[in-house]
1. Identify the residue in the range 129-152 that is open to solvent by less than 20 Å² (accessible area, probe 1.4 Å) and closer than 14 Å to ASN53 by Cα and, among all such residues, is farthest from the ligand (Cβ to nearest atom).
2. Determine if the range 185-193 includes at least one residue that is in contact with a helix residue (DSSP H, G or I) (Cβ under 8 Å, 6 or more places away or on another chain) and outside any loop (DSSP other than H, G, I, E, B).
3. Report yes if some residue within the range 231-243 is outside any loop (DSSP other than H, G, I, E, B) and under 23 Å from the mean Cα position of the chain (by Cα); otherwise report no.
4. Would you mind finding the one in ASP227, ASP212 that is part of a loop (DSSP other than H, G, I, E, B) and within 16 Å of ALA246 (Cα to Cα)?
5. Under 23 Å from MET43 (Cα atoms), of a type outside the set (Ser, Thr, Tyr) and in contact with a helix residue (DSSP H, G or I) (Cβ under 8 Å, 6 or more places away or on another chain), is that true of VAL239?
6. Filter the range 111-130 for residues that are outside any helix (DSSP H, G or I) and not aromatic (Phe, Trp, Tyr); which is nearest to ARG293 (Cα to Cα)?
7. Scan the range 173-210 residue by residue and report those that are under 19 Å from GLU285 (Cα atoms) and open to solvent by 20 Å² or more (accessible area, probe 1.4 Å).
8. Any idea how many residues of the range 183-202 are under 21 Å from GLN162 (Cβ atoms) and of a type in the set (A, V, I, L, M)?
Amino acid sequence: MKTTKTIALTGDRPTGKLHLGHYVGSIKNRIELQKTSDEAYYMVADVQALTDNSDNPGKVNENVIEVILDNLACGVDPKKTTFFIQSQIPEIAEMTVYFLNLVTLARLKRNPTVKSEMKQKNFGEEVPAGFLSYPVSQAADMLFLNSNIIPVGEDQLPVIEQANELVRKFNSIYGEYFTELKPLLSETRRLVGIDGQAKASKSLNNAIFLSDENDVIAKKVMSMYTDPNHIKVEDPGKVEGNVVFAYLDIFDENKAEVEELKKQYRKGGLGDVVVKKRLIQVLQELLTPIRERRQELEKDKKAIMKIVQKGTEKVQKQATKNMKEMKKVMKIDYFG
Ligand code: TRP
């Protein structure tokens, strides 16, 4: 199944609306890859979302359209990127079953991404088996279309590494078949939360959503963690660990002015409110067109789901073909 084409694939779990962390971590690269790769796919990872939401099917169902809308509003273009839904491609689940024989329980328990999520969710030994093994299912997502470039945030690197172990294991048994996956990291590997925690995330309630209204953006920026020792305007302030400056570094295109502000802030005489107001403006300018496009698209969800259905049907054809080929390689084809 080896190819020389560049085939990009990414996806999101439909468990909530997407935020700025998603935007800088992977959506921007998805848009870039539409231009530079031969094929590009966007998968709604509803099967993966169910691995820790089995008791909440409504939540997953409702958020399928939300993550699609967020991506479309940002500029992921269905004319260039094929959108599809994971659960509608049974071959992914089928491939997962075969891959599960090539990984041990001990290895699954060692995956750092899974480990930290398990801790956050307080799973312990009561972790759903599907959750513990989702990197195997994700390996199937990434391999069943023969994709080779995966635009992701830094937290996904261990999942890609584990998939590449499966590639090597598979190839060592059946001969060179799969190609190793290359992660494409963004410049901003991780976006800090507005509260100063290492990562912006929905579950930590410290993220600015792509669909947030201007007043919500303003409120969130005004609440951002700065320098707790910068009390009076004349006090010298710290820029390192200051969320407002971290965001300006990422989102403000006028780098020279940001450097000037940092200098002033360090010296003393620049108040938090001035810097926050600047960030509010920068973020509102970035998010207003995205939010407006989203509101436009929202008016005809049926039309969007039609596009996703078409994409899913296209992917299904490819999946049927690839699974047939893989079964042949695995010596589990019996009827020719
Ligand atoms: N694990 C990803 C996340 O939590 C979602 C995902 C599932 C994914 N399958 C993928 C990302 C394949 C890239 C490629 O956001």
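The values are calculated or read from the model by the stated rules, or taken from the named source; none is laboratory data. This is a predicted model, so every value here is computed, not measured. Don't worry about glycine lacking a Cβ; one is built from the backbone with ideal geometry, like all the others, and counts go over all protein chains shown. Surface accessibility is based on the protein's heavy atoms, side chains included, excluding ligands, DNA and RNA. Shrake-Rupley method; radii C 1.70, N 1.55, O 1.52, S 1.80 Å.
1. Here the answer is LEU132.
2. Taking every residue of the range 185-193 in turn, at least one turns out to be in contact with a helix residue (DSSP H, G or I) (Cβ under 8 Å, 6 or more places away or on another chain) and outside any loop (DSSP other than H, G, I, E, B).
3. yes
4. ASP227
5. Criteria not met by VAL239.
6. Initially, the range 111-130 is screened for residues outside any helix (DSSP H, G or I), giving 111, 121-123, 127-128.
Filter again for not aromatic (Phe, Trp, Tyr), leaving 111, 121-122, 127-128.
Values: ASN111: 38, LYS121: 34, ASN122: 38, VAL127: 39, PRO128: 38 Å.
Checked the range 111-130; the qualifying residue nearest to ARG293 (Cα to Cα) is LYS121.
7. Of all residues in the range 173-210, those under 19 Å from GLU285 (Cα atoms) come to 191, 194, 207-210.
Scanning the range 173-210 gives a single hit, PHE209.
8. Adding up the residues that qualify gives 2.
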